[in-house]
Amino acid sequence: QVQLVESGGDLVQPGGSLSLSCVPSEAIANFNYMGWYRQPPGKQRELVALIGNDGETRYMTPVKGRFTISADNAKNIMYLQMNNLKPEDTAVYFCNAYKGVSLYWGQGTRVTVSS
């Protein structure tokens, strides 16, 4: 069973930055893709960004130009760099990973953007 552990969530002021990390229990190269999702308070979980094992990335429109997803295979960590944070970015952020026909989720890390 693959385990994913997120960290880095915090309270930050609007305009601030945070970097989230996701550490899988096996090599990142084993996954077809990895991604970040978020669930704002009272809303459904939504895709934030994806990174394939070929390095290709995708972002949902509200975070384009502000968020960057990356993976360091040597350290075996996936990151989400979040800049110019807005109150609407407040959510629990989840890491996920897809391998074969299986999809795995982390437990989530909370990001609160507020003054």
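For a quick check of your reading of the filter: which trypsin sites (Lys or Arg not before Pro) in segment 8-108 sit in a DSSP loop and have no more than 12 other Cβ atoms within 10 Å?
Those that pass, being in a loop and sparsely packed, are 43, 64, 75.
Translational D (Stokes-Einstein, µm²/s) of segment 6-73 at 25 °C and 0.890 mPa s when Rh comes from the Kirkwood sum over C-alpha pairs?
Reported coefficient: 183 µm²/s.
Based solely on C-alpha atoms, express the radius of gyration and the Dmax of segment 53-95 in angstrom.
Using the Cα atoms of segment 53-95, the pair Rg, Dmax is 11.6, 34 Å.
If amide hydrogens are placed 1.01 Å from N in the peptide plane, which non-local residues have theirs closer than 5 Å to the one on residue 26?
Close amide H contacts, sequence-distant or interchain: 3.
Quick one: pull the percent of accessible area on segment 3-92 belonging to carbon and sulfur, 1.4 Å probe, ligands and nucleic acids left out.
So the carbon and sulfur contribution to the accessible surface is 47 percent.
How many percent of Cα pairs in the chain exceed 17 Å?
The share of Cα pairs beyond 17 Å in the chain comes to 49 percent.
Please report the spacing between the Cα centers of segment 47-77 and segment 24-39 in Å, no decimals.
10
Compare 23, 101, 12 in a GNM of the chain, Cα atoms joined below 10 Å, and give the one with the largest fluctuation.
The residue that fluctuates most here is 101.
What whole-number value in Å² describes the accessible area per residue of segment 7-50 for a 1.4 Å probe?
Per residue, segment 7-50 has an accessible area of 50 Å².
The values are calculated or read from the model by the stated rules, or taken from the named source; none is laboratory data. None of these values were measured; they are calculated from a predicted model. Note that each Cβ is placed from the backbone with ideal geometry, even for glycine, and that neighbours are counted across all protein chains shown. Side chains are part of the model used for accessible areas, which takes the heavy atoms of the whole protein and leaves out ligands, DNA and RNA. Shrake-Rupley method; radii C 1.70, N 1.55, O 1.52, S 1.80 Å.
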